[in-house]
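The values are calculated or read from the model by the stated rules, or taken from the named source; none is laboratory data. Just so it is clear, the structure is predicted and the values come from calculations on it, not from any experiment. Cβ atoms come from the backbone with ideal geometry, glycine included; neighbour counts cover every protein chain shown.
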Amino acid sequence: MGLNVVEKILADHVVEGTPGSGAEIGIRIDQTLTQDATGTMAYLQFEAMGFDRVKNELALSYVDHNTVQIGPENADDHRYLQSVAARYGVVFSKPGNGICHQLHLERFAAPGRTLLGADSHTPTAGGMGMLAVGAGGIDVAAAMGGGACYMADPQVVKIELTGSLKPWVSAKDVVLKVLEMFSTTGNVGSVFEYGGKGIKSLDVPQRATIANMGAECGVTSSIFPSDAQTKKFLEAQGRGEQWCEIVADADAQYVKTVKIDLSGLEPLAAAPHSPGNVVTVASLAGMKVDQVLIGSCTNSSYRDLKTVCKILTGRKVHQDVELGIAAGSRQVMLMLDREKYVGVLLEAGARLLENACGFCIGNSLSPATDAVSLRTSNRNFEGRSGTLSARVYIVSPEIAALAAVHGRIIDPSMIQDLEYPKTRLPLSFEIDDSMFVRPPEDGKAVQVVRGPSIMPPPVGEPLPPVVAGPVAITVGDKITTDDIMPAGQRLKYRSNIGQYAEFVFERIDPDFAKRAATTRDSGHHNIIVAGESYGQGSSREHAAICPMYLGVKAVIAKSIERIHMANLVNFGILPLILVKKGDYENLMAGDEIEIPKASEALMGGGKREITVFNKTRQKEIRTSVDVSDRQAAILIAGGLLNHTRQAGK
Ligand code: MIC
Ligand code: SF4
């Protein structure tokens, strides 16, 4: 039987378990990446695990999230990251160099290899035929120490593309179509593998846009084959020797195949407040916009920004619109400069932003109260922009640029003879790697610099015989990690858990942290109760570490998303799934809960069930814990840090 692309890469990398068996597998990781918002914790944990040197082929530490330096905290983080990288053998990318995923695609991603990144959009590199997976920082730390990356046996879904995109229809519309078909829930454990004749017309940056936003469906990864387009891109990046062909065999098997005819697609948008809320641009035509922001790891490539520049050439930004543009990398800016497009942007009246995440993570450019903001990023969760009342729509760069000029959402098909500016890949990109700092051969003499806000990572308590305490909060469906642990202006506390924990659930229940800390200090545990798809969105493990710090010992939910589930386990928090979803109604905030014998159930192996007792309502509630034996041991130890130390690794 033939193999698909995912199976071909797994065949070279599996170190534990057997793909196809349905059980967890462990794979060898060739490359790792971190960004500053997850990175400080990842390296603090790497240090706490006692490793002496990174063991992968390549480890990258990017600084792109917390680049706004108001007060010393972020700059202190940057210093720590640069010095810890030099000490342990990690390549450090300085702030201003660009966004981790765009930079990685340009300079390091390679077909057939594996990448584990402490960021949920790590699968962007799947556009290069790489098996790239997002994870919590501590999992990346373990992989840097030579450990395997563990994942559910991937269920590979084929997305077969036919035809080719019409003018004004973009890669963003392809992935929005995918989101419309698959939604943001229920895809845990799947990998999207793209194939079919239609992929031939998509270049690597377009493929990367599609692979990037697979994260919003909650899949483990998205991947394209490595073919002539991949070769062309690598050659243009001066890395042609890293190309190898990886395509699926003709008789490869998939758990399911869905087809998308590219020729039949039209411009799409994700309406507030979810990337899965997909509508046509035509249905929004005429809507007044206040702000247009172009950039983020989804749509900030040379191809995207040159297209925008061409649309803006000879035009002015509408007087009532604020247009901000953030290139994904210095390379993109250097290319635009080489072709005299930077002047076009300035003449049009755009605000040129730093090559960084910036607005996407809500740490700058928050829109005005009630404003409509059109963005090319990947997430429009309520409040993520920094303005709770803002309405954020996600669109392609093309649609964003048109709206910036007209002050309203434009459906291109309604303007006669509107010429589409087609942009091709250059034969060679500007290559200047001078903002990547290579580590010395031997880093032992390097002094790691720790500013005052860089605190050691907290360590969890081993699982007690009885978990007992109140339901500290009940929340509904699709609670994102932005809801649990806000980013934006709180980002600068990422290296100081005690301080960051004060903001857990801040937007839903501002008193949560205080109340939970009081319960913890009285010797009890806190329990979180949630609906479907708890922990959607980012990989930030702070959404588990900070609750752990506040004494949370169990999350009882209808379902939990993949990365967040792994993060809960890594920080010793029981992820309990309601066997009868209706039992959600039997768990109210303030109810006193007891969970006895959790360790016994975890040690039992097989399909694990744990009974939760609601003392207030005198009700027994059945839950299942869908973890591997390895994860069960981590939960009993009170988290991965304890577990690793106990194992003496
Ligand atoms: C995001 O897009 O939410 C982030 C910020 O990149 C996160 C990581 C983080 O919270 O640091 C992600 O996607 O994993
Ligand atoms: Fe940065 Fe936004 Fe991409 Fe996250 S989604 S890595 S914040 S650009």
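For the reader, a short list of remarks on this structure follows.
- Test: residue in region 454-473 that is modelled with pLDDT under 95, on the phi > 0 side of the Ramachandran plot and away from ligand 1 (no atom under 16 Å from the Cβ): no
Rundown of residues vs (1) more than 12 Å from A118 (Cβ to Cβ); (2) in contact with a Ser or Thr (Cβ under 8 Å, 6 or more places away or on another chain); (3) within 16 Å of ligand 1 (Cβ to nearest atom), yes/no style:
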{"position": "I9", "(1), (2), (3)": "yes, yes, no"}
{"position": "I25", "(1), (2), (3)": "yes, yes, no"}
{"position": "L33", "(1), (2), (3)": "no, yes, yes"}
{"position": "R53", "(1), (2), (3)": "yes, no, no"}
{"position": "A75", "(1), (2), (3)": "yes, no, no"}
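- Residue check: I560 meets all listed conditions (1) in contact with a Gly (Cβ under 6 Å, 6 or more places away or on another chain); (2) in contact (Cβ under 8 Å) with a residue 60 or more places away in the chain but one, namely (2).
- Of the criteria (1) in a strand (DSSP E or B); (2) out of contact with any Gly (no Cβ under 6 Å at 6 or more places or on another chain); (3) under 28 Å from N380 (Cβ atoms), which one V156 fails: (3)
- Those residues of region 104-135 which are within 18 Å of I25 (Cβ to Cβ), part of a loop (DSSP other than H, G, I, E, B) and either within 16 Å of ligand 2 (Cβ to nearest atom) or without any contact (Cβ under 8 Å) to a residue 24 or more places away in the chain (or both), in sequence order: A135
- Matching entry among P154, P205 (being modelled with pLDDT of 95 or more, within 25 Å of D411 (Cβ to Cβ) and of a type outside the set (F, W, Y)): P205
- Single residue of region 129-151 satisfying the filter (over 18 Å from the mean Cα position of the chain (by Cα) and among the aliphatic types (A, V, I, L, M)) that is farthest from ligand 1 (Cβ to nearest atom): A148
- Residues being in a strand (DSSP E or B) and under 22 Å from M548 (Cα atoms) - total across region 614-649: 4
- Extreme residue, surrounded by the fewest Cβ atoms within 10 Å (Cβ to Cβ), among residues of region 628-649 that are at pLDDT 95 or above and touching a Pro at 6+ places or on another chain (Cβ under 8 Å): I636
- Residue in region 99-120 that is within 15 Å of ligand 1 (Cβ to nearest atom) and hydroxyl-bearing (S, T, Y) present: yes
- For the residues A516, A468, A487, the requirement of being within 23 Å of N380 (Cα to Cα), aliphatic (A, V, I, L, M) and out of contact with any Phe, Trp or Tyr (no Cβ under 6 Å at 6 or more places or on another chain) singles out A487.
- Considering each residue of region 192-214 in turn, at least one proves to be touching a residue at least 60 places away in the same chain (Cβ under 8 Å), within 30 Å of V627 (Cβ to Cβ), in a helix (DSSP H, G or I) and of a type in the set (A, V, I, L, M).
- For the condition surrounded by 21 or more Cβ atoms within 10 Å (Cβ to Cβ) and within 19 Å of the chain's Cα centre (by Cα), A544 qualifies.
- Candidate set from region 178-196 (those that are out of contact with any strand residue (DSSP E or B) (no Cβ under 6 Å at 6 or more places or on another chain) and modelled with pLDDT of 95 or more); member that is nearest to C297 (Cα to Cα): V178
- Restricting the search to helices (runs of 4 or more DSSP H) fully inside region 280-398 and requiring at least 2 residues that are hydroxyl-bearing (S, T, Y) and within 16 Å of ligand 2 (Cβ to nearest atom) gives an empty result.
- A400 passes every criterion in (1) buried (at least 23 other Cβ atoms within 10 Å of the Cβ); (2) of a type outside the set (V, I, T); (3) out of contact with any helix residue (DSSP H, G or I) (no Cβ under 8 Å at 6 or more places or on another chain) apart from (3).
- Which listed residue, of G96, G89, G112, is of a type in the set (G, A, S) and either touching a Leu at 6+ places or on another chain (Cβ under 9 Å) or at pLDDT below 95 (or both): G112
- Test: D320 is touching a Pro at 6+ places or on another chain (Cβ under 8 Å) and either away from ligand 1 (no atom under 16 Å from the Cβ) or free of Cβ contacts under 8 Å to residues at least 40 places away in the same chain (or both): no
- The residue that is nearest to the chain's Cα centre (by Cα), counting only those in region 363-380 that are of a type in the set (A, V, I, L, M, F, W, C) and either buried (at least 23 other Cβ atoms within 10 Å of the Cβ) or away from ligand 1 (no atom under 16 Å from the Cβ) (or both), is L374.
- Answer residue from region 486-530, given it is surrounded by fewer than 19 Cβ atoms within 10 Å (Cβ to Cβ) and at positive phi and is farthest from ligand 1 (Cβ to nearest atom) among those: G523
- Test: R608 is in contact with a strand residue (DSSP E or B) (Cβ under 6 Å, 6 or more places away or on another chain) and modelled with pLDDT under 95: yes
- Only one entry of V467, V459, V448, V405 meets the criterion of being in contact with a Ser or Thr (Cβ under 9 Å, 6 or more places away or on another chain), hydrophobic (A, V, I, L, M, F, W, C) and touching a residue at least 12 places away in the same chain (Cβ under 8 Å), and that entry is V448.
For (1) in contact with an Asp or Glu (Cβ under 7 Å, 6 or more places away or on another chain); (2) over 25 Å from R424 (Cα atoms), each residue gets a yes or a no:
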| site | (1), (2) |
| --- | --- |
| V332 | no, no |
| E339 | no, no |
| A356 | yes, no |
| S366 | no, yes |
| D370 | no, yes |
| S373 | yes, yes |
| R391 | no, yes |
